[in-house]
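The structure appears below as structure tokens.
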Amino acid sequence: MGADEFTSTAGNTLYNSVGTTVTDIRTITATETYRASNCERFNVLQPNGASPVSGSVTARVYKYATVQTYNAEPYVQRVIDITPATNAATATGRVTLYYTQLEFDDYNTASGAWPDLPTGAGDATGIANLRITKYGGTPNVTPSLPNQYSGGANEYINPADVDIVWNATDNRWEITLDITGFSGFYIHTNPNFALPIVVNYLQGTKQGGSHNLNWKVTCASSSSATMVLERSADNRNFAAINTVTADALRCAQPFNYVDASPLAGVNYYRLRITDANGKVTYSNTIALVNKLSGVEIVGIAPNPVTSAGAATLNVASAQQGTLKIVVTDLAGRQLITQTEKIIAGSNQIPMNFAKLSGGSYQVTAITEDGKATSVRFIKQ
């Protein structure tokens, strides 16, 4: 079955059978969706990064009937392996893995004292708890099992929370990561895998035609850290623009970098940080606007907004000034208005939606010269 061939009933359906290993082999030249023989899908792979994955790549999925454990630690019963035929240890790509809410619910029921995975789309705590162990090499057994792989470095990954998304249309969780090396992916919530490197902040300002980025990390027990500053035009495909390796002493001091040649329009930035043991985490993502005027709403976090109503509106502005913020319902009725001072750069504006009833809304940011940008959000 070709990459674009699928039945009308199964084209967007998640493969969800128990007890059978499904394998799909594809030649990677662009984004590929991996599917079972009935066209039900289970992951997506896109070439990306410094050494984009290419050629023949095998992906396979196996779903255990119940939650499994390894070293007394539970992991989600769906296991996904992705194995390039060449350069499996060094190839880079962007992977999206699919899971059901029922699988997360089963994990939470069986996990005991371990932290919970998301209980629903608005569970920011559960999203923050999610971790991935990636085992290198090819699986030695069928079905796949933790630590039963041919080799390569194991990696403990804390995915960016914004890349853990509930797809309400297709009824599945989608977890997207930038990967160096493949193959086995296991979902869990072991807090002992929390990185000893903490991102205190990533900030950015616009100065003329340049973007000034600055950040601070706490290295804690790691003897060193490699920080890769990545940039994107679409908030999906990131590429490295600067790399810094620092020992523990240097980690205690702030870092900065000037992007003297930003992309036209909106530039998204984030940090990919690797500690001395090879563990990887990502910072928050910020945006800066490379044009003479205008603002862009990067997003609202969390979205959906919880019943408590606290949220942050992330706005990128080309110039400093005053911003009028208007919240409306879908009928256009104004419910909240406020005015905020903004800088030329990345702005995080606190919002309070506690008085809004549950439902869908739109927030609009209006500049002093009347230019507007909007985004929708959901209040639980």
Open item on the list: I need the shape label for region 292-379. Rule: rounded when a/c is under 1.5, else prolate if a/b > b/c, else oblate, with a, b, c from the alpha carbon gyration tensor.
Closed with: prolate
Open item on the list: Show me, for region 341-346, the HN-Hα J-couplings you get by feeding each phi into the Karplus relation (A = 6.51, B = -1.76, C = 1.60, θ = phi - 60°), rounded to Hz, glycine and proline as x.
Closed with: 7, 10, 9, 7, x, 8
Open item on the list: Quick query: amide H of Asn235 versus all other amide H atoms, modeled in the peptide plane; which residues come in under 5 Å with a sequence gap of 5 or more or a different chain?
Closed with: Tyr268
TODO: Classify region 22-193 as rounded, prolate or oblate from the Cα gyration tensor: take a ≥ b ≥ c as the square roots of its eigenvalues, call it rounded if a/c is under 1.5, otherwise prolate when a/b beats b/c and oblate if not.
DONE: prolate
- [ ] Calculate one ³J(HN,Hα) per residue across region 74-85 by plugging θ = phi - 60° into the Karplus curve 6.51 cos²θ - 1.76 cosθ + 1.60, and present them in order as whole Hz with x for glycine and proline.
- [x] x, 9, 4, 6, 8, 10, 10, 10, 10, 9, x, 5
- [ ] Could you run the Karplus curve 6.51 cos²θ - 1.76 cosθ + 1.60 with θ = phi - 60° over region 21-27 and give me ³J(HN,Hα) per residue in whole Hz, x for Gly and Pro?
- [x] 7, 10, 10, 9, 10, 9, 8
Task: Prolate/oblate/rounded label for region 198-289 (Cα gyration tensor, a/c 1.5) - done: prolate
- [ ] Amide H neighbours of Ile28 under 5 Å, at least 5 residues apart or on other chains, H built in the peptide plane: list them.
- [x] Gly55, Ser56, Val57
Open item on the list: With unit charges on the beta carbons (Lys and Arg positive, Asp and Glu negative) and the dipole taken about the Cα centre of region 292-379, which residue among Ile366, Leu330, Met351 sits farthest to the positive side?
Closed with: Leu330
Task: Surface/4 estimate of mean projected area, convex hull on alpha-carbon atoms of region 224-380, nm² - done: 10.9
Open item on the list: From the C-alpha coordinates alone, can you work out the Kirkwood hydrodynamic radius of the chain, in Å?
Closed with: 22.2
- [ ] Find out how many positive minus negative residues lie around Asn242, taking Lys and Arg as positive, Asp and Glu as negative, among other residues whose Cβ is under 14 Å from that of Asn242.
- [x] +1
TODO: Under 4.7 Å Cβ to Cβ, no partner at all: give me those cysteines from the chain, in residue order.
DONE: Cys39
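At 222 nm, what value in deg cm²/dmol follows for the chain if DSSP H runs of at least 4 each add -39500 (n - 2.57) and the sum is divided by all its residues, to the nearest 500? Let's see the in-between values first.
Values: 3 runs with 20 residues, N = 380.
About -1500 deg cm²/dmol.
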Task: Over 22 Å between alpha carbons, listed pairs Lys206/Lys279; Lys216/Lys279; Lys324/Lys355; Lys341/Lys379 - done: Lys206/Lys279; Lys341/Lys379
Open item on the list: If you restrict to DSSP beta bridges whose two residues both lie in the chain, what percentage is antiparallel, to the nearest 5?
Closed with: 95
Task: Spatial separation of Cα centroids for region 139-185 and region 338-370, in angstrom - done: 35
Task: Nonlocal amide H pairs with Asn290, under 5 Å, H built at 1.01 Å - done: Gly265, Val266, Asn267
Open item on the list: To the nearest 20 Debye, how big is the dipole of region 198-289 about its Cα centre, given +1 on the beta carbon of each Lys and Arg and -1 on that of each Asp and Glu?
Closed with: 100
Open item on the list: Given an 8 Å cut-off on Cα distances and at least 6 residues of separation, report the relative contact order of region 256-304 as a percent.
Closed with: 33
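Where a number appears in this text, it was derived from the coordinates with a stated rule and is not lab data. These figures come from a predicted structure and were not determined experimentally. When we count neighbours, we look across all protein chains shown, and the Cβ atoms used for this are built from the backbone with ideal geometry, even at glycine.
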